[in-house]
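Chemist: Mind having a look at this structure? Questions to follow.
The values are calculated or read from the model by the stated rules, or taken from the named source; none is laboratory data. All figures in this text were calculated on a predicted structure; none of them were measured in a lab. Don't worry about glycine lacking a Cβ; one is built from the backbone with ideal geometry, like all the others, and counts go over all protein chains shown.
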Amino acid sequence: MLKDIRSMSYDEILKEILEMNEKKFVANQIYSWLHKHQVSSFDEMTNISKTLREKLKKNFNTFNCTIEKKLVSVYDDTVKYLFKLHDGEFIETVVMKYKYGYTVCVSSQVGCKMGCNFCASGIAGFIRNLEAGEILSQIYTAQKDLGIKVSHVVMMGVGEPLDNFDNVIRFLSLVTDENGQNLSMRNISLSTCGVVSGIYKLMEKKLQLTLSISLHAPNDEIRSKTMPVNKKWNVDTLLKACRDYTKETSRRISFEYAMISGVNDSDECAKELASKLKGMLCHVNLIPVNSVKERDYTRSNDQRIQSFIRILEKYSINVTVRRTLGSDINASCGQLRRGVKSE
């Protein structure tokens, strides 16, 4: 299979171009077409000779996302895409509009291995990792379709980013490049279900992104029932890694906590969670759990959520409730891909 040129760094493209006996400025042109103009084919690179374009086609590929399905919320303008990849597989991407601009939630894998019981992402199974260029293409394709400029990226779509570590790090380098999308690393959030080895590898990079941890339970008994990853890295091991991460990077961690009625939303759970997080540079983001047809979980009612909040605040834990966007278009991860796979 040909290399995906959109996944390559400028230095890698330059090396290839020089080996073709082309001038350095040609690498600049190609990189600009890919990441500033965000073209989807070599034929669109109009200031490059036709001969070189044909040579590029023979040596490289551009793994583009094409829109298979697009849903737009009538309530809040949230847009959900089902993208088809070059090999016929599908991924999902969501664009959300906020007062500060547009945020895109990207996928990092086709499917997911992690098997969290309340999530639809892994129900259709894990297929493969996404290349860095395929993650980028979700942003570029959505921007072109909507005529917008994305200012924030959330890696909370289908897949576990830290299970695709090298491609994700490459993506982060490309999307923050001043010669491309030029996003601030501080405007990027990466979510993990608790891959501790990946957290330590990420810590070594000392990136200024926001690390989000899908915690969803204050103890091993509850978390192991809902999140199989907890059997490898339990709550205490995960939270130690989080404390180490905040000390090393001075970056606040966001703990995602899906409120599941009768499972993890009791006052006792709130008190235990507060005790475990005491003194850490963090905040808790409560998420009313999304309904998934294959699961029998239901979201906690407002009264239970407010009680949970009061207890966390009593123990000086910063807490917010995630705003629900795109509820009428199943904007949570895995819903559209699962539908296509079941057809």
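Chemist: What is the number of the single condition among (1) out of contact with any strand residue (DSSP E or B) (no Cβ under 9 Å at 6 or more places or on another chain); (2) over 27 Å from Lys149 (Cβ atoms); (3) β-branched (Val, Ile, Thr) that Ile169 does not meet?
Modeler: Failing condition for Ile169: (2).
Chemist: Of all the residues that make up the stretch 199-225, how many are assigned to a helix (DSSP H, G or I) and either among the aliphatic types (A, V, I, L, M) or within 12 Å of the chain's Cα centre (by Cα) (or both)?
Modeler: Within the stretch 199-225, the first condition is being assigned to a helix (DSSP H, G or I), and the residues that meet it are 199-205, 220-225.
Of the ones still in play, those that are also either among the aliphatic types (A, V, I, L, M) or within 12 Å of the chain's Cα centre (by Cα) (or both) are 199, 202-203, 222.
Final tally of qualifying residues: 4.
Chemist: Considering the stretch 34-54 alone, what residues qualify as being more than 30 Å from the chain's Cα centre (by Cα) and surrounded by 15 or more Cβ atoms within 10 Å (Cβ to Cβ)?
Modeler: Ile48, Leu52, Arg53
Chemist: Moving on to the next point. Out of curiosity, is Phe126 hydrophobic (A, V, I, L, M, F, W, C) and farther than 21 Å from Val289 by Cα?
Modeler: So Phe126 passes the test.
Chemist: Consider only pairs whose beta carbons are under 6 Å apart and that are at least six residues apart or on different chains; among these, list those whose first residue lies in the stretch 193-206 and is on the phi > 0 side of the Ramachandran plot and whose second residue is outside any helix (DSSP H, G or I).
Modeler: Sorted first by the residue in the stretch 193-206, then by its partner, the pairs are Gly194/Trp233.
Chemist: Being under 21 Å from Thr237 (Cβ atoms), touching a Ser or Thr at 6+ places or on another chain (Cβ under 7 Å) and buried (at least 20 other Cβ atoms within 10 Å of the Cβ) is the filter here, so list the residues in the stretch 199-210 that pass it.
Modeler: Passing the criteria: only Ile199.
Chemist: Condition test on Lys144, is it touching a strand residue (DSSP E or B) at 6+ places or on another chain (Cβ under 9 Å) and not β-branched (Val, Ile, Thr)?
Modeler: no
Chemist: Kindly establish whether Thr226 is surrounded by 14 or more Cβ atoms within 10 Å (Cβ to Cβ) and either closer than 23 Å to Asn117 by Cβ or not hydroxyl-bearing (Ser, Thr, Tyr) (or both). First the steps, then the outcome.
Modeler: Details: surrounded by 14 or more Cβ atoms within 10 Å (Cβ to Cβ): yes; either closer than 23 Å to Asn117 by Cβ or not hydroxyl-bearing (Ser, Thr, Tyr) (or both): yes.
The answer is yes for Thr226.
Chemist: Within the stretch 5-19, does at least one residue satisfy the condition of being within 23 Å of Lys144 (Cβ to Cβ) and of a type in the set (Lys, Arg)?
Modeler: So far as the stretch 5-19 goes, yes, one or more of its residues are within 23 Å of Lys144 (Cβ to Cβ) and of a type in the set (Lys, Arg).
Chemist: Looking at (1) more than 30 Å from Asn21 (Cα to Cα); (2) modelled with pLDDT of 95 or more, can you tell me which one Ala120 breaks?
Modeler: Result: Ala120 fails condition (2) only.
Chemist: Could you say whether any residue in the stretch 136-146 is surrounded by fewer than 21 Cβ atoms within 10 Å (Cβ to Cβ) and outside any helix (DSSP H, G or I)?
Modeler: No.
Chemist: Still on this structure, I have one more. Answer yes or no: is there a residue in the stretch 15-26 that is within 21 Å of Thr141 (Cα to Cα), β-branched (Val, Ile, Thr) and at pLDDT 95 or above. Steps first, answer last, please.
Modeler: The first filter runs over the stretch 15-26 and keeps only residues within 21 Å of Thr141 (Cα to Cα), leaving none.
Within the stretch 15-26, none of the residues are within 21 Å of Thr141 (Cα to Cα), β-branched (Val, Ile, Thr) and at pLDDT 95 or above.
Chemist: Let me ask you something else. Checking Ser151 against (1) of a type in the set (Gly, Ala, Ser); (2) within 19 Å of His86 (Cβ to Cβ); (3) surrounded by fewer than 24 Cβ atoms within 10 Å (Cβ to Cβ), which test does it fail?
Modeler: Evaluating Ser151 over (1) of a type in the set (Gly, Ala, Ser); (2) within 19 Å of His86 (Cβ to Cβ); (3) surrounded by fewer than 24 Cβ atoms within 10 Å (Cβ to Cβ) leaves (2) as the failure.
Chemist: I need a count of the residues in the stretch 189-198 that are among the β-branched types (Val, Ile, Thr) and either assigned to a loop (DSSP other than H, G, I, E, B) or surrounded by fewer than 22 Cβ atoms within 10 Å (Cβ to Cβ) (or both).
Modeler: So the answer is 2.
Okay, residues lined up against (1) farther than 16 Å from Arg310 by Cα; (2) crowded, with 17+ Cβ neighbours inside 10 Å; (3) among the charged types (D, E, K, R); (4) outside the structural domain of Lys314 (by TED's automatic domain parsing):
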site	(1), (2), (3), (4)
Leu239	yes, yes, no, no
Lys247	yes, no, yes, no
Ser254	yes, yes, no, no
Ala258	yes, yes, no, no
Asp265	no, yes, yes, no
Ser275	no, no, no, no
Cys282	yes, yes, no, no
Ile287	no, yes, no, no
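Chemist: Taking the conditions exactly as written (surrounded by fewer than 24 Cβ atoms within 10 Å (Cβ to Cβ), among the hydroxyl-bearing types (Ser, Thr, Tyr) and in the same structural domain as Leu238 (by TED's automatic domain parsing)), does Ser173 satisfy them or not?
Modeler: yes
Chemist: Same structure, new question: Would a scan of the stretch 263-276 turn up a residue that is within 20 Å of the chain's Cα centre (by Cα) and of a type in the set (Asp, Glu)?
Modeler: no
Chemist: Name the pairs: first residue in the stretch 214-238 and farther than 16 Å from Ser191 by Cα, second residue in a helix (DSSP H, G or I) and of a type in the set (Ser, Thr, Tyr), Cβ to Cβ under 6 Å, at least 6 apart or on different chains?
Modeler: Lys231/Ser224
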